[in-house]
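Colleague: Submitted below is the structure of interest, expressed as structure tokens.
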Amino acid sequence: MRTAHSFMWDGASRSDRYGARIGSPKWIHLDVPGDACDLSSDNNRHNEMDQGYTLVPHNVDSGLQQLTFIAGLAKMRDLIRADGF
């Protein structure tokens, strides 16, 4: 995400605040530069892990932040496929 963000922001990152966490049982949480800008699971379905769930943006104010999240999700997909899933 940092590389994609820096490329789109013309080579200079606005912040060092990037994060990707996967919590138990399968919760995804991504952070990018911004005012508490994150993408995480909707917390309404904690016990239904036999189905998918919605990722909900919080304080996403720009296309740059949206595209940075998409880059993070694409990388996550590549890593999952590389592990044979």
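The values are calculated or read from the model by the stated rules, or taken from the named source; none is laboratory data. Everything numeric in this text was worked out from a predicted model, so none of it was measured. Note that each Cβ is placed from the backbone with ideal geometry, even for glycine, and that neighbours are counted across all protein chains shown.
Colleague: What do you reckon, is ASP10 at pLDDT below 90, touching a Pro at 6+ places or on another chain (Cβ under 9 Å), assigned to a loop (DSSP other than H, G, I, E, B) and exposed (fewer than 14 other Cβ atoms within 10 Å of the Cβ)?
Modeller: Against the criterion (at pLDDT below 90, touching a Pro at 6+ places or on another chain (Cβ under 9 Å), assigned to a loop (DSSP other than H, G, I, E, B) and exposed (fewer than 14 other Cβ atoms within 10 Å of the Cβ)), ASP10 does not qualify.
Colleague: Among the residues of segment 32-50, is there at least one that is under 17 Å from the mean Cα position of the chain (by Cα), at positive phi and either modelled with pLDDT of 85 or more or of a type outside the set (Phe, Trp, Tyr) (or both)?
Modeller: Scanning segment 32-50 turns up at least one residue that is under 17 Å from the mean Cα position of the chain (by Cα), at positive phi and either modelled with pLDDT of 85 or more or of a type outside the set (Phe, Trp, Tyr) (or both).
Colleague: With respect to ASP61, determine if the residue is modelled with pLDDT of 90 or more and over 23 Å from PHE7 (Cβ atoms).
Modeller: no
Colleague: Exactly one condition in (1) modelled with pLDDT of 90 or more; (2) more than 12 Å from the chain's Cα centre (by Cα); (3) surrounded by 16 or more Cβ atoms within 10 Å (Cβ to Cβ) is false for TYR53; which is it?
Modeller: Looking at each condition in turn, TYR53 falls short on (1).
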